[in-house]
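Visitor: To start, I am sharing the structure in question, which I have written as structure tokens.
The values are calculated or read from the model by the stated rules, or taken from the named source; none is laboratory data. Every value quoted in this text rests on a predicted model; they were computed, and no experiment measured them. Heads up, the Cβs are rebuilt from the backbone with ideal geometry, glycines too, and the neighbour counts pull from every protein chain shown.
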Amino acid sequence: MTANHPLLATLRAIVGDANVLTEGDLSAWELDWRKRERGHALAVVRPASTDEVAQVIKACAAAGVSMVPQGGNTGMVVGSTPDASGTQVVLSLTRMHRIRKLDAANLTITVDAGCVLQAIQEACEAQGFLFPLSLAAEGSCTIGGNLGTNAGGTQVVRYGNTRELCLGLEVVTAQGDVWNGLTGLRKDNTGYDLKQLFIGAEGTLGIITAAAFKLFPLPRDTATAWLAIDSPATAVRLLADLQTRFGAALTACELVSDLALALVRRHIPGVQATVPASPWHLLIELSGGGEDGDLRAALAAFLAPALESDDIGDAVLAQSTEQARRLWALRENIGAAEKCEGLSIKHDIAVPISRLAEFLERADRLLHARFPDIRIVAFGHIGDGNLHYNQSKSTAADSAAFLASQPDVDRLVHDLVHELGGSISAEHGIGQLKRQELRRYKSPVEIETMRAIKRVLDPLGLMNPGKVL
């Protein structure tokens with residue numbers, strides 16, 4: 001590490017000595033969450049305000065030093081860690097965690113980019129509001145990272161992904177200028193919608209420092225059920241029936257394979273909910289503004305004929321908030337349980353819901369034919385067609401060796417996704433891991449248009465280089 005790099009003194013003058021990290025264990029910033037890639041930073045810089053971010057960017061731009069923005073570093077595609085050169089500055093925004101304003105009449109909240117997602121949820125709930133973005137990493141991921149990857153989570157079927165929740169942004173450009181677009185307006189047609197360029201761009205066009213979001217009234221009634229089903233095709237049919245019966249009250253619809261559930265049982269001992277054995281499972285949630293217990297009764301009435309017709313082998317209908325929490329813990333701990341098993345090949349794909357069962361049947365068949373002892377863990381957000389479709393071997397050592405097969409596995413999976421009209425990245429982003437894949441499936445016109453936008457907004461190529469493009 002170049003401890004005497006002339007830029008470091010300037011950075012220390014901006015954010016303070018204690019917030020320019022160059023020595024000691026920097027793995028929390030240099031190692032990606034999945035522990036697949038380890039970079040080497042010139043420094044980790046931790047600004048505490050938008051003004052400090054702007055000054056840091058101006059200093060780095062003047063020195064020709066590239067920057068890697070980072071929030072909670074919980075990403076899946078190595079999008080927020082530095083390369084191995086030791087020349088990049090990691091710009092950690094975790095000190096920027098202020099909730100700036102909650103406007104109850106306008107149903108909006110404005111927050112710093114370094115706010116942990118769960119802290120935003122809790123602040124809203126304390127005031128009687130719902131911030132519906134919810135995902136397994138919500139206790140450590142930051143809202144800036146959620147915006148950077150356009151995170152989805154479990155409630156997209158009703159509320160949409162991060163892009164649809166966001167009303168405005170504050171962004172520091174690659175030149176160090178501050179664009180304040182923190183409007184709380186639902187309607188604003190004054191020119192191009194600039195915020196949409198930065199959402200999902202993974203910090204390659206500018207640094208998001210704050211955002212304004214939609215809020216919703218806190219639901220007064222919820223109903224949660226875990227269903228034992230025989231196949232993804234049954235899940236798709238039940239989803240359609242649920243949407244017809246409950247409409248917007250359907251908040252979540254999550255598909256879980258038996259193998260995914262078994263990993264949670266094996267590695268997360270605190271998860272104690274009892275659910276019936278089955279090859280596939282469906283976790284559903286309804287929410288609304290009616291009286292407590294109304295939705296539970298309505299869901300029970302919906303499930304009764306489905307149980308009699310064998311569409312559902314068995315069901316657990318939560319009778320309390322605590323029981324619902326335990327059911328959700330089975331779903332939300334799948335990623336952590338997989339991590340305990342060692343490295344795996346992960347696919348965050350989306351296909352039309354009508355073709356989801358076909359994808360699983362054909363992809364399983366192709367992979368087992370090519371890799372007879374492969375282990376496939378499938379789960380995800382069936383309500384919006386987003387599946388987490390992951391492959392490994394039965395032991396950690398075999399899985400580590402299996403990673404060499406990732407190009408072949410990706411080709412089988414991604415070619416099928418493309419054939420079915422899907423996307424190779426639904427909510428995790430592109431980062432480094434899917435950069436080459438993006439070129440394969442995007443048209444030359446799309447790639448060149450994206451490059452043109454990058455050249456205009458980041459002409460020196462200093463914003464998170466090597467990611468996305």
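To keep it simple, each residue is scored yes or no on (1) charged (D, E, K, R); (2) touching a residue at least 40 places away in the same chain (Cβ under 8 Å).
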| position | (1), (2) |
| --- | --- |
| Val413 | no, yes |
| Leu416 | no, yes |
| Val445 | no, no |
| Met450 | no, no |
| Lys454 | yes, yes |
| Pro465 | no, yes |
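Visitor: Right, another one. Take the conditions touching a residue at least 12 places away in the same chain (Cβ under 8 Å), of a type in the set (Val, Ile, Thr) and either surrounded by fewer than 21 Cβ atoms within 10 Å (Cβ to Cβ) or more than 27 Å from Glu138 (Cβ to Cβ) (or both) and apply them to Ile353. Does it pass?
Guide: yes
Visitor: Scan segment 273-296 residue by residue and report those that are more than 25 Å from Pro232 (Cα to Cα), under 29 Å from the mean Cα position of the chain (by Cα) and surrounded by fewer than 17 Cβ atoms within 10 Å (Cβ to Cβ).
Guide: Gly289
The rows are residues; the columns are (1) among the aliphatic types (A, V, I, L, M); (2) crowded, with 19+ Cβ neighbours inside 10 Å; (3) assigned by TED's automatic domain parsing to the domain that holds Leu205.
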{"residue": "Ala13", "(1), (2), (3)": "yes, no, no"}
{"residue": "Ala28", "(1), (2), (3)": "yes, no, no"}
{"residue": "Ala61", "(1), (2), (3)": "yes, yes, no"}
{"residue": "Gly86", "(1), (2), (3)": "no, no, no"}
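Visitor: Test Ala43 against the stated conditions and say whether it is touching a helix residue (DSSP H, G or I) at 6+ places or on another chain (Cβ under 9 Å), outside the structural domain of Gly139 (by TED's automatic domain parsing) and not in a helix (DSSP H, G or I).
Guide: Here the answer is yes, as Ala43 does meet what is asked.
Visitor: May I pose another question? Got a sec? Which of Gln127, Gln118 is without any contact (Cβ under 8 Å) to a residue 40 or more places away in the chain, closer than 18 Å to Glu427 by Cβ and in the same structural domain as Phe198 (by TED's automatic domain parsing)?
Guide: Numbers: Gln127 fails: closer than 18 Å to Glu427 by Cβ.
The conditions single out Gln118.
Visitor: Just name the residue that is surrounded by the fewest Cβ atoms within 10 Å (Cβ to Cβ) out of those in segment 326-350 that are touching a helix residue (DSSP H, G or I) at 6+ places or on another chain (Cβ under 6 Å), in a loop (DSSP other than H, G, I, E, B) and touching a residue at least 60 places away in the same chain (Cβ under 8 Å).
Guide: So, considering only residues that are touching a helix residue (DSSP H, G or I) at 6+ places or on another chain (Cβ under 6 Å), in a loop (DSSP other than H, G, I, E, B) and touching a residue at least 60 places away in the same chain (Cβ under 8 Å), the one surrounded by the fewest Cβ atoms within 10 Å (Cβ to Cβ) is Leu343.
Visitor: Go through segment 378-469 and tell me which helices (runs of 4 or more DSSP H), entirely inside it, have 2 or more residues that are assigned by TED's automatic domain parsing to the domain that holds Met67.
Guide: Of the helices (runs of 4 or more DSSP H) lying wholly inside segment 378-469, none has at least 2 residues that are assigned by TED's automatic domain parsing to the domain that holds Met67.
Visitor: Let me ask something additional. State whether the residues of segment 50-72 include one that is under 20 Å from the mean Cα position of the chain (by Cα), part of a loop (DSSP other than H, G, I, E, B) and within 30 Å of His347 (Cβ to Cβ).
Guide: yes
Visitor: Within segment 180-200, which residues are in contact with a helix residue (DSSP H, G or I) (Cβ under 7 Å, 6 or more places away or on another chain) and either aromatic (Phe, Trp, Tyr) or part of a loop (DSSP other than H, G, I, E, B) (or both)?
Guide: Ile199, Gly200
Visitor: Another one. Please name all residue pairs, on different chains or six or more residues apart, with Cβ atoms under 7 Å, provided the first residue is in segment 152-167 and is on the phi > 0 side of the Ramachandran plot and the second residue is part of a helix (DSSP H, G or I).
Guide: none
Visitor: Starting from residues that are in a helix (DSSP H, G or I) and under 25 Å from Gly128 (Cβ atoms), keep the ones in segment 297-325 and report whichever is nearest to the chain's Cα centre (by Cα).
Guide: Here the residue is Arg325.
Visitor: What about Thr173, is it among the hydroxyl-bearing types (Ser, Thr, Tyr), more than 30 Å from Gly313 (Cα to Cα) and modelled with pLDDT under 95?
Guide: Numbers: among the hydroxyl-bearing types (Ser, Thr, Tyr): yes; more than 30 Å from Gly313 (Cα to Cα): yes; modelled with pLDDT under 95: no.
In short, no.
Visitor: Just a yes or no: is a residue in segment 96-106 crowded, with 24+ Cβ neighbours inside 10 Å, touching a helix residue (DSSP H, G or I) at 6+ places or on another chain (Cβ under 9 Å) and not hydroxyl-bearing (Ser, Thr, Tyr)?
Guide: Residues of segment 96-106 that are crowded, with 24+ Cβ neighbours inside 10 Å, as a first pass: none.
Within segment 96-106 (the criterion being crowded, with 24+ Cβ neighbours inside 10 Å, touching a helix residue (DSSP H, G or I) at 6+ places or on another chain (Cβ under 9 Å) and not hydroxyl-bearing (Ser, Thr, Tyr)), the answer is no, since none of the residues qualifies.
Visitor: Moving to a separate point now. Select from segment 239-296 the residues that are among the charged types (D, E, K, R) and part of a helix (DSSP H, G or I) and write down the one among them that is nearest to Gln323 (Cα to Cα).
Guide: Arg296
Visitor: Looking at (1) without any contact (Cβ under 8 Å) to a residue 60 or more places away in the chain; (2) crowded, with 16+ Cβ neighbours inside 10 Å; (3) farther than 22 Å from Thr74 by Cα, which is the one condition that is false for Leu21?
Guide: (3)
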